[in-house]
Amino acid sequence: MKYYYFLIILVSITAFSQQRNSYKVRLMANEVGVFPLKVINTTSNESVLSDTAGFLTMNLNEGDELVVNENDFYQLKYKIKNTDLKASIVRIYLEPINTELSTVEVQKITAKSLGVDGKTIMSNTPNPNPNMNMDFKAIFLWIVGKIRGEKSEPFVPRKSTEMNPYVAGLPRDIMTDYLKIPNELVEKFYYYMNDDYEIDSYIKQNDEAKWRMHLLDKSFQFLEQENVLPNR
């Protein structure tokens, strides 16, 4: 009889530990155009298709393994941690698929193999430029002038009452569609990014992959601060 009660308690504990709750998940990728993607929980065999921004809702438990369906851009093999389940949104970073180019052997190419002889080459070669030395001199002076002219801009911190002009200069749909910031909070987000000079350098360098990922992280912090979750 004691063994029977022990078995009931053990089964109850096991069932409770395997219970899954619904969590909001966002897949993180540099290119939002890869979405939607199907996420498969290989532990529970549940599969869910994300929306066009990478958001989805899935039943999860600690230790669950997630993968994405086969595609040409990203792969995923992620095990859910206890810390993931404590966050308001479970953020999962996709891994880019590295495409290796196959080596192509090229045979030696000669003028003869192309059907061109020396006489043809000479007859079609223009006379040398008599001012060739002047051309090199002009190029040299231009390079020296560029080196002397390129001076680092002095760092001037922004006032606390100013927006971040680089973030504010991005298309507004980046904020509303990609970052999922409510329209009425977009200007407030510009002020929130006031003292973030790292994003300035990414945008000035036109490094879209870095500024997109950086803005994603910042937008989550901002939305959590505002107690706002994206409406899906």
| note | The condition from (1) open to solvent by less than 40 Å² (accessible area, probe 1.4 Å); (2) closer than 23 Å to GLY33 by Cα; (3) not aromatic (Phe, Trp, Tyr) that ASN194 misses is numbered (2)
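Find the residue count for the range 68-77, including only residues that are open to solvent by less than 40 Å² (accessible area, probe 1.4 Å) and at pLDDT 85 or above.
Within the range 68-77, the first condition is being open to solvent by less than 40 Å² (accessible area, probe 1.4 Å), and the residues that meet it are 68, 71, 74, 76.
Okay, now just the ones that are also at pLDDT 85 or above, so 68, 74, 76.
Here the count works out to 3.
Residues are listed down the side, and each one gets a yes or a no for (1) under 27 Å from LYS218 (Cβ atoms); (2) modelled with pLDDT under 90:
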| residue | (1), (2) |
| --- | --- |
| LYS38 | no, no |
| THR52 | yes, yes |
| THR57 | yes, no |
| LEU60 | yes, no |
| ASP64 | no, no |
| LYS79 | yes, no |
| ALA87 | yes, yes |
| GLU95 | yes, yes |
| Within the range 202-223, can one find any residue that is modelled with pLDDT of 90 or more, open to solvent by less than 90 Å² (accessible area, probe 1.4 Å), touching a helix residue (DSSP H, G or I) at 6+ places or on another chain (Cβ under 6 Å) and not in a helix (DSSP H, G or I)? | no
| Hits in the range 154-167 (condition: open to solvent by less than 40 Å² (accessible area, probe 1.4 Å) and either free of Cβ contacts under 8 Å to residues at least 24 places away in the same chain or assigned to a helix (DSSP H, G or I) (or both)) | VAL167
| remark: Contact list, first residue from the range 168-197 and touching a residue at least 24 places away in the same chain (Cβ under 8 Å), second anywhere and surrounded by fewer than 16 Cβ atoms within 10 Å (Cβ to Cβ) and among the polar types (S, T, N, Q), beta-carbon distance below 7 Å, six or more apart or interchain, is ASN194/SER160
| query | Within the range 77-97, how many residues turn out to be β-branched (Val, Ile, Thr) and not in a strand (DSSP E or B)? | reply | 4
| task | Return the pairs, sorted by first residue and then second, in which the second residue is of a type in the set (S, T, N, Q) and part of a loop (DSSP other than H, G, I, E, B), the first residue lies in the range 63-77 and is farther than 11 Å from ILE40 by Cβ, the beta carbons are less than 8 Å apart, and the residues are 6+ apart or on different chains. | result | GLY63/THR43
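The values are calculated or read from the model by the stated rules, or taken from the named source; none is laboratory data. All values derive from a computational prediction rather than experimental measurement. Cβ: placed from backbone, ideal geometry, glycine included. Neighbour counts: every protein chain shown. Ligands, DNA and RNA are excluded from the accessible area calculation, which covers all protein heavy atoms including side chains. Shrake-Rupley method; radii C 1.70, N 1.55, O 1.52, S 1.80 Å.
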